[in-house]
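Asker: A single structure is presented below for examination.
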């Protein structure tokens, strides 16, 4: 009892001086929130490694711009796949780089930070330990893991601790998380490996099959963002799409419109909609009544796809709204938890380390 009190005292003392941070460790982007400073890092989850000395060559946007353009001794790595760590060492280096960058501007000795980090709902114990170990190794003093739909709901300012049902659909880069939340817990949920990256692959496949044009990932993502849509638009949207002609092997440019891109991504969009309906089917009726009254909330980059909110509302007969700044909901939720110790203890997952403190 005495030892616990001493540990708590020193943690509170360190907490006054440390730059506690919230992290959205996403498949596509990593966002970092620093207490009292807001979101200070929003970078692609991409790392370039120099194989000659095994050192980091570039991180974030600089590394993303190198995709498909590197000499043999440079390897560009995306260390997260479908929301979980696929390359532990690179993830650790990336997190350490971001944490060091936060502390770089401080002129005084800063204690190691407390970290709140989002994880997918279906994360296994082994994967959970991998995330904790990576964050501890990167320099954290204390680590709290929270399910990403919960963080997204908190970031969207939804009343997660009350006895009312909230349905959140978080469409990220690697996964789409659909969760019903009530009383600071996830009641029912589904997680799909269909999200922003899959839509990019749909466009690449469609371009190859229909136009004999091989696209790069960056070009496919650009097309999705500029003219992608879930329902027909009032005005036809079009843009040029550049890649390599599979027949001649030479560069080629064609003009595509929103109808063609809608055809390309339609199957994936329908899958997300059907899984939202399937989640509602297994939700307790009292919570469904709350959701019908309060509506569905969309977060994540996929929420910005034109007309997806209208399509989902039409299919479910429930009002749907896009959260304010849906791209940052998860990391803002982590930041809000840094200020609410009681809620943080309620929603965080059990630590794989005894006591969770090092």
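The values are calculated or read from the model by the stated rules, or taken from the named source; none is laboratory data. The structure presented is a predicted model; accordingly, all values stated were derived computationally and were not measured. Backbone-built Cβ (ideal geometry, glycine too); neighbour counts: all protein chains shown.
Asker: Would you be able to tell me the number of residues in the range 71-87 that are at pLDDT below 90 and farther than 19 Å from residue 131 by Cα?
Answerer: 0
Asker: Which residue, of 118, 83, is on the phi < 0 side of the Ramachandran plot and within 14 Å of the chain's Cα centre (by Cα)? Spell out the reasoning first.
Answerer: Working: 83 fails: on the phi < 0 side of the Ramachandran plot.
Among 118, 83, only 118 is on the phi < 0 side of the Ramachandran plot and within 14 Å of the chain's Cα centre (by Cα).
Asker: For residues in the range 205-220 being within 21 Å of residue 64 (Cα to Cα) and in contact (Cβ under 8 Å) with a residue 24 or more places away in the chain, which is surrounded by the most Cβ atoms within 10 Å (Cβ to Cβ)?
Answerer: Within the range 205-220, the first condition is being within 21 Å of residue 64 (Cα to Cα), and the residues that meet it are 214-220.
Adding the requirement that they be in contact (Cβ under 8 Å) with a residue 24 or more places away in the chain leaves 214-219.
Details: 214: 15, 215: 22, 216: 16, 217: 16, 218: 13, 219: 19.
Across the range 205-220, the extreme among qualifying residues is 215.
Asker: Among the residues in the range 289-300, are any outside the structural domain of residue 224 (by TED's automatic domain parsing), without any contact (Cβ under 8 Å) to a residue 24 or more places away in the chain, surrounded by fewer than 22 Cβ atoms within 10 Å (Cβ to Cβ) and in a loop (DSSP other than H, G, I, E, B)? Before you say what the answer is, go through the steps one by one.
Answerer: Applying the first criterion (outside the structural domain of residue 224 (by TED's automatic domain parsing)) to the range 289-300 yields 289-300.
From what's left, without any contact (Cβ under 8 Å) to a residue 24 or more places away in the chain: 293.
Keeping just the survivors that are surrounded by fewer than 22 Cβ atoms within 10 Å (Cβ to Cβ) gives 293.
Add one more test, that the residue is in a loop (DSSP other than H, G, I, E, B), and what stays is none.
No: the range 289-300 contains no residue that is outside the structural domain of residue 224 (by TED's automatic domain parsing), without any contact (Cβ under 8 Å) to a residue 24 or more places away in the chain, surrounded by fewer than 22 Cβ atoms within 10 Å (Cβ to Cβ) and in a loop (DSSP other than H, G, I, E, B).
Asker: Restricting to the range 126-179, name every residue that is more than 26 Å from residue 194 (Cα to Cα) and touching a helix residue (DSSP H, G or I) at 6+ places or on another chain (Cβ under 8 Å). Outline the logic, then answer.
Answerer: Here is the first cut: in the range 126-179, the residues more than 26 Å from residue 194 (Cα to Cα) are 133, 135-144, 159, 161-164.
Matches in the range 126-179: 133, 135, 137, 138, 139, 140, 141, 142, 143, 144, 161, 164.
Asker: Considering only residues that are surrounded by fewer than 14 Cβ atoms within 10 Å (Cβ to Cβ) and part of a helix (DSSP H, G or I), look in the range 314-358 and name the one that is modelled with the highest pLDDT.
Answerer: 314
Asker: What's the number of the only condition in (1) within 23 Å of residue 68 (Cβ to Cβ); (2) without any contact (Cβ under 8 Å) to a residue 40 or more places away in the chain that residue 261 fails to meet?
Answerer: For residue 261, the exception is condition (2).
Asker: What are the pairs, 6+ residues apart or on separate chains, where a residue within the range 68-87 that is without any contact (Cβ under 8 Å) to a residue 12 or more places away in the chain and not assigned by TED's automatic domain parsing to the domain that holds residue 123 has its Cβ under 9 Å from a residue that is in a strand (DSSP E or B) and buried (at least 16 other Cβ atoms within 10 Å of the Cβ)?
Answerer: 69/76
Asker: Check every one of the strands (runs of 3 or more DSSP E) wholly within the range 27-123 and list those with 1 or more residues that are within 24 Å of residue 176 (Cβ to Cβ) and touching a helix residue (DSSP H, G or I) at 6+ places or on another chain (Cβ under 7 Å).
Answerer: Values: elements: 29-34, 38-44, 47-50, 55-59, 74-77, 114-119.
Passing ranges, in order: 29-34, 38-44, 74-77, 114-119.
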